[in-house]
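Asks: Take a look at the following structure, please.
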Amino acid sequence: NRAVYSGHNQHVVLEGKIYRGNRLTKAEDLEATIKKYDLKAIISAAPVLPDDPWWQEQQRICETHGVALKAANFYDGEIPSAQQLQEMNNVLDQVPRPVFIEGAKRTPTLCGIGSAIALLLDDVPPDEALQQFSWRYAQLEGPEHCIIAKPLLAYRDWLKEHNLPHTGETYRRWTRTE
C-alpha cells in the first residue's frame, strides 16, 4: 500500500480512512491527492506559519474542494507534550474521514505521530499503531529510538503495567491524566 505519487511518498494507513505522506507543497499535488483518496480533511502534523504562502495556498485549495484543513504543530526532535497530544486528539475527533496526515517536506516522523494517534483513536492496538515509526516509512530506527514516539511507547507500557486493554477512549483519558 505504498505509492510514490507526484514525487511524494504516500501511504494508505487505514483504507478509506487514514492516509499519510510528505508535505504537499505544489498545488497540483494537493489537488491530485484530494481526488485520489476522496479526502475530506488534511492535517499538517508539522509546524505551520499562518502567513506562509504555502499554507495560504493549501487553505485556498482545500476551501475550493470542501476539504477541512487543520494544523497540529509537532516538532521533529522534540517529545510531544500532553497538550500537543490532546490537541491532535481534538483535531482528529473534529475532522471528517478520509483524512490525509502530512508531515514536513523530508521528515517522516511528523506524519508518523499523527498517523499513530489516529490509529489509537480508532481502537487500533498500540503495537500496531507504533508501526507508523518503522523502516517502511523511512524511519530506520523504529519507535524505540524515535524521540517523537516516546509518549506513545509510554502509553503502551502504562497499559501493560495496569493490565488494561487499549481503546481510543482509554488513550484519550491517558493523555489528560498521565
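The values are calculated or read from the model by the stated rules, or taken from the named source; none is laboratory data. These numbers were taken from a predicted model, which means no experiment stands behind them. Counting neighbours? That spans all protein chains shown, and the Cβs are built from the backbone with ideal geometry, glycine included. Keep in mind that these areas ignore ligands, DNA and RNA; they rest on the heavy atoms of the full protein, side chains included. Shrake-Rupley method; radii C 1.70, N 1.55, O 1.52, S 1.80 Å.
Asks: Non-local amide H neighbours of ALA71 (under 5 Å, H modeled in plane, Pro and chain starts lacking H): which ones?
Replies: Answer set, sorted by chain and number: SER44.
Asks: Express in Å², to the nearest 10, the accessible area of LEU110 obtained by rolling a 1.4 Å probe over the protein heavy atoms while all chains stay in place.
Replies: That residue has around 0 Å² of solvent-accessible surface.
Asks: What whole number of Å gives the distance from the Cα centroid of region 115-144 to the Cα centroid of region 46-102?
Replies: Region 46-102 and region 115-144 have Cα centres spaced 19 Å from each other.
Asks: Something else: Determine which lysines satisfy two conditions relative to LYS26: a Cα distance under 16 Å, and not lying fewer than 8 residues away in the same chain.
Replies: Correct list for LYS26: LYS35, LYS36, LYS105.
Asks: Rounded to the nearest 5, what % of the DSSP beta bridges within region 21-178 are antiparallel ones? Numbers along the way, then the final one.
Replies: Details: 1 of 10 bridges.
Once the DSSP bridges in region 21-178 are tallied, antiparallel ones form about 10 percent.
Asks: Could you pull out the GluC sites (Glu not before Pro) across region 1-80 that fall in loop regions by DSSP (anything but H, G, I, E, B) with no more than 11 other Cβ atoms inside 10 Å? Walk me through the numbers before you get to the answer.
Replies: Values: sites: GLU15, GLU28, GLU31, GLU57, GLU63, GLU78; in loops: GLU15, GLU78.
Answer in residue order: GLU15, GLU78.
Asks: For region 126-155, which GluC sites (Glu not before Pro) pass both filters: DSSP loop (anything but H, G, I, E, B) and at most 13 other C-beta atoms within 10 Å? Display every interim value, and only then the final one.
Replies: Details: sites: GLU128, GLU141, GLU144; in loops: GLU141.
Within region 126-155, the qualifying GluC sites (Glu not before Pro) (loop, at most 13 other Cβ atoms within 10 Å) are GLU141.
Asks: Give the residue list of trypsin sites (Lys or Arg not before Pro) in region 70-160 that are DSSP loop and have at most 10 other beta-carbon atoms within 10 angstrom. Don't jump to the answer; show the numbers that get you there.
Replies: On the way: sites: LYS70, LYS105, ARG106, ARG136, ARG156, LYS160; in loops: LYS105, ARG106.
Loop-located and lightly packed - ARG106.
Asks: Per-residue ellipticity at 222 nm for the chain, helices alone: DSSP H runs ≥ 4 residues times -39500 (n - 2.57), over residue total, nearest 500 deg cm²/dmol? Before the final figure, lay out each step's value.
Replies: Numbers: 7 runs with 77 residues, N = 178.
Taking each H run of at least 4 residues, the total per residue is -13000 deg cm²/dmol.
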